[in-house]
Amino acid sequence: MKCPYCGHNKDKVIDSREKRGGEAIRRRRQCLACSRRFTTYERTEEAPYMVIKKDGRRETFDRQKILRGLLKACEKRPISVTTLEELIDTIEQKLQERSEREIPTSEIGSFIMERLKELDKVAYVRFASVYREFKDINEFMEELKALLEK
């Protein structure tokens, strides 16, 4: 495993734990060159889930892409990366429960916004502003008013 900090190829596993009922293994590793620690996840490889984009294109489900978007929305907010990973785990679990291997981005986005609204209203507004592509300030203000009324 390549160290994300220095790029060295040698490390040692410090801790291994089952995650999500045995569907993944979380490994805590330490680089033998720079001694920094990092986490990896081991999952079984399955047929990929496809995401149907707004314009009809299809691409494989990418949990890292969702995590990057969530990290931007939650920047400087009191939400841990672990909480965000659990949210993505829930999305993956929903995908696995479906009989079809494709899911529209609208379903994923709606689920994320529901959870963010519960976790942190500022992160919710940040995510919604990008996801819903507000056309002008009035649409944005309508969303804020709806949020304040609840």
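Let's see how each residue does on (1) within 16 Å of Tyr124 (Cα to Cα); (2) charged (D, E, K, R):
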{"site": "Gln30", "(1), (2)": "no, no"}
{"site": "Asp55", "(1), (2)": "no, yes"}
{"site": "Ile66", "(1), (2)": "yes, no"}
{"site": "Glu75", "(1), (2)": "yes, yes"}
{"site": "Ile108", "(1), (2)": "yes, no"}
{"site": "Glu114", "(1), (2)": "yes, yes"}
Of (1) out of contact with any Phe, Trp or Tyr (no Cβ under 9 Å at 6 or more places or on another chain); (2) surrounded by fewer than 18 Cβ atoms within 10 Å (Cβ to Cβ); (3) of a type in the set (Val, Ile, Thr), Thr90 fails just (1)
Of the residues in region 114-129, those that are under 19 Å from Val81 (Cβ atoms) and in a helix (DSSP H, G or I) come to Arg115, Leu116, Glu118, Leu119, Val122, Ala123, Tyr124, Arg126, Phe127
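Give the residue, chosen from Glu100, Glu18, that is at pLDDT below 95 and in a loop (DSSP other than H, G, I, E, B).
On the way: Glu18 fails: in a loop (DSSP other than H, G, I, E, B).
Just one listed residue meets the conditions, Glu100.
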Checked against (1) in contact with an Asp or Glu (Cβ under 9 Å, 6 or more places away or on another chain); (2) surrounded by 14 or more Cβ atoms within 10 Å (Cβ to Cβ); (3) part of a loop (DSSP other than H, G, I, E, B), Ile25 satisfies every condition except (3)
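Might you check whether a residue that is in a strand (DSSP E or B), assigned by TED's automatic domain parsing to the domain that holds Glu133, touching a helix residue (DSSP H, G or I) at 6+ places or on another chain (Cβ under 8 Å) and closer than 28 Å to Leu95 by Cα occurs anywhere in region 44-55?
Within region 44-55 (the criterion being in a strand (DSSP E or B), assigned by TED's automatic domain parsing to the domain that holds Glu133, touching a helix residue (DSSP H, G or I) at 6+ places or on another chain (Cβ under 8 Å) and closer than 28 Å to Leu95 by Cα), the answer is yes, since at least one residue qualifies.
The values are calculated or read from the model by the stated rules, or taken from the named source; none is laboratory data. Note that the coordinates shown come from a computational prediction; the quantities given were computed from them, not determined experimentally. Neighbour counts run over all protein chains shown; Cβ positions are idealised from the backbone, glycine included.
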